[in-house]
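Accompanying notes for the structure given below.
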Amino acid sequence: MDVSPLVWVVVAVAIILAVLLAVLVIQRRRRAGGVVVVGGAADADAAPEHREES
Amino acid sequence: MRFTEALKREIVDTSAASSIGRVAGFVVDPRTHAVTALRVKKADHDILAWDDVSAFGVDAVTVDTAARIRAPHQGVEADQPSLLGHRVLDERGVEHGAVDDVEFDPESGTVRYLLTSREEIDGARLRGIGTWAVVVSV
Amino acid sequence: MSTLLRATELHGLVVVTLGGDEIADVKDVVWRAAGGSVLGFTLNKRGLFGGPMKEVLTWAALHWVGPDAVMVPDATVLVHRDDVTGAGGAAGRGGGDVIGDDVLTEDGRRLGRVVDVIIEVEASGDVVGYEIEADEGLRSGGQRVLLPLPDTLAVSGEKLIVPAAAVDFVADDLAGFGAAVEQFRTQLRTGTS
């Protein structure tokens with residue numbers, strides 16, 4: 001069965017777009033920030049810049 | 001005098017009575033708050049140190065010999081971005097627009113004011129000129 | 001004078017040296033529940049495709065936190081996260097994000113869900129409150145309100161516990177929140193000790 005070359009072009013473009021989108025999504029997630037709590041007193045004692053307080 | 005007035009001013013070699021090039025930019029030392037060199041267009045090299053300028057006149061910049069024009073030194077002369085159009089950030093992380101113009105003393109090279117669209121910032125407040133911004137004290 | 005900022009406003013903020021060079025973007029704001037202050041920031045490399053950096057910025061090394069940039073004296077203040085157990089350890093585990101956590105009072109009442117954390121940035125990096133999406137009981141449901149925090153508080157997993165009295169000092173905007181936090185903390189100190 002003969003498939004028009006146009007179909008292959010469309011498929012190739014679709015694959016490239018999908019990869020680009022995936023890279024963008026992964027990158028967004030890698031860069032996404034949060035507000036992270038370190039809980040226990042152990043962490044606090046180990047942090048050198050706050051040692052003078054404890 | 002302002003940077004925008006001084007830009008494109010002719011640089012004249014007084015010994016040969018010939019034009020060397022034109023003022024294309026300014027190198028500013030943020031520690032001394034002064035212009036330390038001019039960038040030169042259409043010359044073999046592109047730096048003319050402020051100390052080598054004979055006079056910064058109203059119509060031309062004069063220099064005693066074309067040999068004063070030299071290659072930029074590593075560091076500030078090579079890397080410093082132009083102040084004009086550069087973002088202004090104060091040391092408390094607040095933006096103050098972009099540099100529209102710089103008012104300087106043509107005798108000493110001292111920067112009097114940075115002019116943004118919103119305000120005049122005293123040249124003595126200059127703290128740093130980097131790739132991201134011109135940093136001024138508060 | 002105190003300056004209050006929302007922690008999420010710091011996400012993606014550029015880190016700039018006093019020399020004017022940009023060196024990183026802010027990723028996480030890391031704070032310590034015991035003591036209630038910000039330890040520092042984890043960082044991303046600059047640009048859209050810059051991934052997380054191994055270096056972190058401690059609060060003590062900062063010059064200033066502003067609305068448009070985090071200012072540092074120079075690029076040498078960044079330290080490897082292994083050298084800072086508190087901030088770096090949290091970043092390494094990648095956990096402990098309080099955004100989205102439930103807030104309960106000590107007497108077991110659910111107040112809402114955390115949408116932001118309010119930081120006093122002028123001096124100590126004190127964490128002064130939560131911005132929460134309020135439950136029906138506190139305000140009209142879904143409304144965002146500011147809830148003051150005591151000087152120190154217990155964080156135990158996904159639940160965040162605040163004193164019941166915090167409800168009396170809820171504020172609607174940052175303008176009046178600093179005073180509310182002061183009043184709340186004063187009452188806690190005089191009331192319980």
**OP:** May I ask you to list the residues in region C:2-17 that are away from chain B (no Cβ under 12 Å) and surrounded by fewer than 23 Cβ atoms within 10 Å (Cβ to Cβ)?
**Re:** C:SER2, C:LEU4, C:ARG6, C:THR8, C:HIS11, C:GLY12
Subject >> Scan of region C:18-38 for residues that are open to solvent by less than 10 Å² (accessible area, probe 1.4 Å) and without any contact (Cβ under 8 Å) to a residue 60 or more places away in the chain, ordered by number >> reply: C:GLY20, C:ALA24, C:ASP25, C:VAL26
**OP:** Give region C:157-166 a look and list any residue that's open to solvent by less than 30 Å² (accessible area, probe 1.4 Å), without any contact (Cβ under 8 Å) to a residue 60 or more places away in the chain and not in a helix (DSSP H, G or I), or say none.
**Re:** C:VAL162, C:PRO163
**OP:** Can you tell me which residue within region C:62-78, out of those that are open to solvent by 10 Å² or more (accessible area, probe 1.4 Å) and at the interface with another protein chain (Cβ under 9 Å from one of its Cβ atoms), is nearest to C:THR8 (Cα to Cα)?
**Re:** C:PRO67
**OP:** Scan region C:167-193 for residues that are within 21 Å of C:ASP107 (Cβ to Cβ) and open to solvent by 90 Å² or more (accessible area, probe 1.4 Å) and jot them down.
**Re:** C:ASP168, C:GLN183, C:ARG189, C:THR190, C:THR192, C:SER193
Subject >> When residues of region B:33-63 are limited to those that are over 22 Å from B:PRO81 (Cβ atoms), among the acidic types (Asp, Glu) and free of Cβ contacts under 8 Å to residues at least 40 places away in the same chain, the one most open to solvent (accessible area, probe 1.4 Å) >> reply: B:ASP44
**OP:** Please state which one of B:PRO72, B:PRO30, B:PRO81 is out of contact with any helix residue (DSSP H, G or I) (no Cβ under 7 Å at 6 or more places or on another chain), open to solvent by 30 Å² or more (accessible area, probe 1.4 Å) and under 22 Å from B:VAL134 (Cβ atoms).
**Re:** B:PRO81
**OP:** Check every one of the strands (runs of 3 or more DSSP E) wholly within region B:66-138 and list those with 3 or more residues that are in contact (Cβ under 8 Å) with a residue 60 or more places away in the chain and away from chain C (no Cβ under 14 Å).
**Re:** B:95-104
Original post:
In region C:18-44, which residues are more than 14 Å from chain B (Cβ to nearest Cβ) and assigned to a loop (DSSP other than H, G, I, E, B)?
Top reply: C:ALA33, C:ALA34, C:GLY35, C:GLY36
Original post:
Of all residues in region C:44-61 being open to solvent by less than 30 Å² (accessible area, probe 1.4 Å) and more than 28 Å from C:SER124 (Cβ to Cβ), which is modelled with the lowest pLDDT?
Top reply: C:GLY50
Original post:
Can you find even one residue in region C:130-144 that is of a type in the set (D, E, K, R) and loosely packed, with under 14 Cβ neighbours inside 10 Å?
Top reply: yes
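The values are calculated or read from the model by the stated rules, or taken from the named source; none is laboratory data. Please read all numbers here as calculations on a predicted model, not as lab measurements. Cβ coordinates were reconstructed from backbone atoms using ideal geometry, including for glycine residues, and neighbour counts include every protein chain displayed. For the accessible areas, the whole protein counts, side chains as well, though only heavy atoms, and no ligand, DNA or RNA atoms are used. Shrake-Rupley method; radii C 1.70, N 1.55, O 1.52, S 1.80 Å.
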